[in-house]
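The values are calculated or read from the model by the stated rules, or taken from the named source; none is laboratory data. Everything quoted here is computed from the prediction, not taken from an experiment. Here the Cβ is made from the backbone with ideal geometry for all residues, glycine too, and neighbour counts use every protein chain on show.
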Amino acid sequence: MKKLLGMTLALLTLFSLIGCGLATTATTGDGEVTTTTDDGKLHVVLLVNGNLGDMSFFDSADAGIERLNAEYGDVIDAKTIEMGTNQSGWETTLYRVSQQDYDLIICATTQMRESLQKVADRYPDKDYVIFDTEIKDGAAAEYPNVHSILFRQNEGGFLAGVLAAAMANGTSGMSAPVTASGKVGFIGGMRNDIIYDFAVGYAAGIAYENARSLIRVSLTNSFVGNFNDSTQAKALASVQYTNGTDVIFAAASQAGLGVIDAAQTKTKYVIGVDSDQYLYYAESNPVRAGLIVTSVMKKVGDVIFDTVVAYQAGTLAFGALVSYGLAEGIIDLAVNANYIAKVPLELRERLETLKAAIIAGELDVTSRFDLTLDEIDNLFNDLE
Amino acid sequence: MTMREFLQLFATPEFYAMILQLATPLVFAALAALVSNKAGVLNIGIEGAMVSAALAAALFSTLTGSAMLGVLAGVFAGILMGLFFAFCTVRLRTNHILVGIATNILAAGLSVFVVYAITGNKSDYPGIAMTPWNVPLLKDIPLIGEVFFTEVNPLVYLAIVAVFAVRFLFRRTVLGVRILAVGKNEAAAASVGISTDRVKTIALLIAGGLAGFGGAYLSLGYMSSFNTGMVAGRGFIGIAAEAIGAGNPVATALFAVLFGAVNAFSLAAQTFPSFTIPYELLNTLPYLTTTAGLVIYSVIRYRKLHPRLAKKEIKQ
């Protein structure tokens, strides 16, 4: 009995250690290890406010970090710290990492913005990068040690909108399961700036297509309320597909997998987000992959990679805001075997022309950041 | 779309089919809570048991190529979590709530770890979905046939069977009566020679198995893969349904279905532009219903137990 109890306790301790390690990988132990010796390398750390495994945003950023180690391992030592979902620990981690001898500290999203504003002021000789938000709206210059990165995801959303609308108004020339029902859908995770930016671009694309077509396409917006409840997302998508929606653009991170699941159940098309989601399923589930007509890619990892390389070369501008979109090749529609097989050449060429026009500045895509919330509501209401 | 179209929603079989689909995991969770509660254990580890079951089901379905074996593995995982819970609470006499919290955190962390160790990504693992059933003849009945007998997952039927099985357990079996006795008064039960530890453990294993069906339904019935966030508090909603159902399996299941219905409504309402309530508010509906239900239930019970007291208070 004593023995059994001892063993169980030991097992419990082990499990709880594993549990903690997963929830907040390396917040405590790891951070200090790399800082002891100065090996002449550039030390870079990516702070993930959440956990890896979203199949999109953070995983992509982490891939950029891994690529840095693989290609610049002799001069750059880069690592990723997962801060877990407990927000109270994020700022503390940011402080602690700033006290260690990292040269460049990278973090992301509006949720880290306020913390970074404080920390960046407190440690003026440290360098920081924040992506997917500006350190302070319209005031990147106030923080001379922070480099802000924004993505113009609305441009990718626009192309997805044109594609979706063309599928629903019958001009795409695509065969079943496209029924030319005149209905398309959008499912977002939460109503935040970035998801709205995707949605606004998507709506702008549909409006653009509506203006040149006789058949008006309507848009239904739904939001899951979080980024992980795939079951809820599947139910939302099922409702939309049952109502006749031809294609749904899902910008909901992990929850979006539920939308793709629903697409398979109902045999309808879906547009993925962030990474090329067709490739993810191409081998394991070809039927499902075949329904992912394309994905609006947001190559966060490439941006992280390029940013750190620029920093290493001493050419990264601090106190500045940089944005990446179609022109930089960071936002793009995924052109894969499935896209080429499913979308007729004529429509693909038209999308390429539109893309070129956006890059050339001839076509200005509405962004969430140009509009007030009321204006966004109006934009959506007009398409209903 | 107009309000009329919105009302038409309630006439579509899809809407009721969705209620059934969304309610099934809640029914299993609620029954699991009920069985543990009857044995006098407040088991908040149901959520964790569902997470492990959902993962085990997906894992073993792809390993063996059979959805059925996957479901069995899920149930087994649920029972294992029940065993862990029983070992801590019954054998080691640890606080139920603490063990429940530990179980949930353990399952959340361990599932990410296992998925990462196997696939290298930290979020999802594909499973082999169960084939839905079409019941011949019955499926041709208008509305009812479309809701209950067309493309319905076998686990939905099992949930209905489980409700009556649990009812039978407590009404007609020795084990059930023993569980009730242990739950009502442990010392009295022990004095007549019932091994209370064993009875409690068995009850927790049954609860684990029921939670296991709920988890397996999520990953192989409703979806066809495991995602780390997919259980999303459904175990806790089950516990709430049990609390309102006041220990009656049928009432408990009906409240679970009510939550499923409110959830289905909040989802469907989003797709109707004439319905301008923000989705954030709609998403709180299932939880508001839970709170409202609990309040109504305790007011009624209070009045029943203390009719005079309640009247006096009103007078004052």
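Taking A:THR315 as the residue in question, decide whether it is within 30 Å of B:MET18 (Cα to Cα), out of contact with any strand residue (DSSP E or B) (no Cβ under 7 Å at 6 or more places or on another chain) and modelled with pLDDT under 95. Show your work before the answer.
Working: within 30 Å of B:MET18 (Cα to Cα): no; out of contact with any strand residue (DSSP E or B) (no Cβ under 7 Å at 6 or more places or on another chain): yes; modelled with pLDDT under 95: yes.
No; evaluated as a whole, the condition is false for this residue.
Only residues that are farther than 20 Å from B:THR62 by Cα and more than 10 Å from every other protein chain (Cβ to nearest Cβ) were counted in region B:221-245, giving 11.
Listed here are the residues, each with its yes/no results for (1) among the charged types (D, E, K, R); (2) at pLDDT below 55; (3) surrounded by 14 or more Cβ atoms within 10 Å (Cβ to Cβ); (4) touching a Ser or Thr at 6+ places or on another chain (Cβ under 8 Å).
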site	(1), (2), (3), (4)
A:LEU11	no, yes, no, no
A:THR24	no, yes, yes, no
A:THR27	no, yes, yes, yes
A:ASP38	yes, no, no, no
A:ASN51	no, no, yes, yes
A:SER56	no, no, yes, yes
A:ALA78	no, no, yes, no
A:ASN86	no, no, no, yes
A:GLY89	no, no, yes, yes
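When the test is whether a residue is of a type outside the set (Gly, Ala, Ser), surrounded by fewer than 23 Cβ atoms within 10 Å (Cβ to Cβ), within 14 Å of chain B (Cβ to nearest Cβ) and part of a helix (DSSP H, G or I), A:TYR241 does not pass it.
Considering B:ALA269, B:ALA256, the condition of being under 28 Å from A:LYS266 (Cα atoms), within 14 Å of chain A (Cβ to nearest Cβ) and of a type in the set (A, V, I, L, M, F, W, C) is satisfied by B:ALA269 alone. Taken together, the residues in region A:244-267 that are under 22 Å from A:LEU347 (Cβ atoms), buried (at least 24 other Cβ atoms within 10 Å of the Cβ) and either of a type in the set (Gly, Ala, Ser) or not assigned by TED's automatic domain parsing to the domain that holds A:ALA160 (or both) amount to 3.
Against the definition (touching a Leu at 6+ places or on another chain (Cβ under 8 Å), of a type outside the set (Phe, Trp, Tyr) and crowded, with 24+ Cβ neighbours inside 10 Å), how does A:GLY188 come out, yes or no?
Values: touching a Leu at 6+ places or on another chain (Cβ under 8 Å): no; of a type outside the set (Phe, Trp, Tyr): yes; crowded, with 24+ Cβ neighbours inside 10 Å: yes.
The answer is no for A:GLY188.
Among residues of region B:167-193 that are within 16 Å of B:ALA207 (Cα to Cα), those with a Cβ under 8 angstrom from a residue that is of a type in the set (Ser, Thr, Tyr), sequence gap 6+ or separate chain, pair up as B:VAL182/B:THR196. Report whether or not A:ALA207 is under 23 Å from B:GLY235 (Cα atoms), more than 16 Å from the chain's Cα centre (by Cα) and among the small types (Gly, Ala, Ser). When the stated conditions are applied, A:ALA207 does not pass them. The single condition from (1) touching a Phe, Trp or Tyr at 6+ places or on another chain (Cβ under 8 Å); (2) farther than 20 Å from B:ALA211 by Cβ that B:ASN121 fails is (1). When B:LEU218, B:LEU210 are screened for being within 14 Å of chain A (Cβ to nearest Cβ), outside any loop (DSSP other than H, G, I, E, B) and either surrounded by 24 or more Cβ atoms within 10 Å (Cβ to Cβ) or touching a strand residue (DSSP E or B) at 6+ places or on another chain (Cβ under 8 Å) (or both), only B:LEU218 passes. When A:LEU316, A:LEU354 are checked against the criterion of being more than 22 Å from the chain's Cα centre (by Cα), outside the structural domain of A:PHE227 (by TED's automatic domain parsing) and not small (Gly, Ala, Ser), A:LEU316 stands alone in meeting it.
Search region A:142-171 for residues being over 16 Å from A:THR366 (Cβ atoms) and among the polar types (S, T, N, Q), and hand back the single one that is surrounded by the fewest Cβ atoms within 10 Å (Cβ to Cβ). Going through the qualifying residues, I end up with A:ASN145.
Would a scan of region A:315-328 turn up a residue that is aromatic (Phe, Trp, Tyr) and either without any contact (Cβ under 8 Å) to a residue 12 or more places away in the chain or crowded, with 21+ Cβ neighbours inside 10 Å (or both)?
Within region A:315-328, one or more residues are aromatic (Phe, Trp, Tyr) and either without any contact (Cβ under 8 Å) to a residue 12 or more places away in the chain or crowded, with 21+ Cβ neighbours inside 10 Å (or both).
One residue stands out in region A:218-238 among those that are outside any loop (DSSP other than H, G, I, E, B) and among the polar types (S, T, N, Q): the one that is surrounded by the fewest Cβ atoms within 10 Å (Cβ to Cβ), namely A:SER218. The one condition from (1) touching a strand residue (DSSP E or B) at 6+ places or on another chain (Cβ under 7 Å); (2) under 16 Å from A:GLY161 (Cα atoms) that A:ARG350 does not meet is (1). For first residues located in region A:210-227 and on the phi > 0 side of the Ramachandran plot and modelled with pLDDT of 95 or more, partners that are surrounded by fewer than 23 Cβ atoms within 10 Å (Cβ to Cβ) and assigned to a helix (DSSP H, G or I) and lie 6+ apart or on another chain with Cβ distances below 6 Å do not occur.
Can you tell me which residues in region A:111-165 are assigned to a helix (DSSP H, G or I) and under 18 Å from A:LEU326 (Cβ atoms)? Within region A:111-165, A:GLN153, A:ASN154, A:GLU155, A:GLY156, A:GLY157, A:PHE158, A:LEU159, A:ALA160, A:GLY161, A:VAL162, A:LEU163, A:ALA164 meet the criteria. Could you please give the count of residues in region A:199-224 that are facing chain B (nearest Cβ under 7 Å) and in contact with a Lys or Arg (Cβ under 9 Å, 6 or more places away or on another chain)? Total meeting the criteria: 2.
Just to be sure before I move on: is B:LEU98 surrounded by fewer than 14 Cβ atoms within 10 Å (Cβ to Cβ), in a helix (DSSP H, G or I) and either within 14 Å of chain A (Cβ to nearest Cβ) or small (Gly, Ala, Ser) (or both) in the structure I sent?
Values: surrounded by fewer than 14 Cβ atoms within 10 Å (Cβ to Cβ): yes; in a helix (DSSP H, G or I): yes; either within 14 Å of chain A (Cβ to nearest Cβ) or small (Gly, Ala, Ser) (or both): yes.
Criteria met by B:LEU98.
Hey, could you check region B:127-139 for residues that are in contact with a helix residue (DSSP H, G or I) (Cβ under 9 Å, 6 or more places away or on another chain) and surrounded by fewer than 20 Cβ atoms within 10 Å (Cβ to Cβ) and say which is nearest to B:THR62 (Cα to Cα)? Applying the filter and picking the extreme gives B:THR131.
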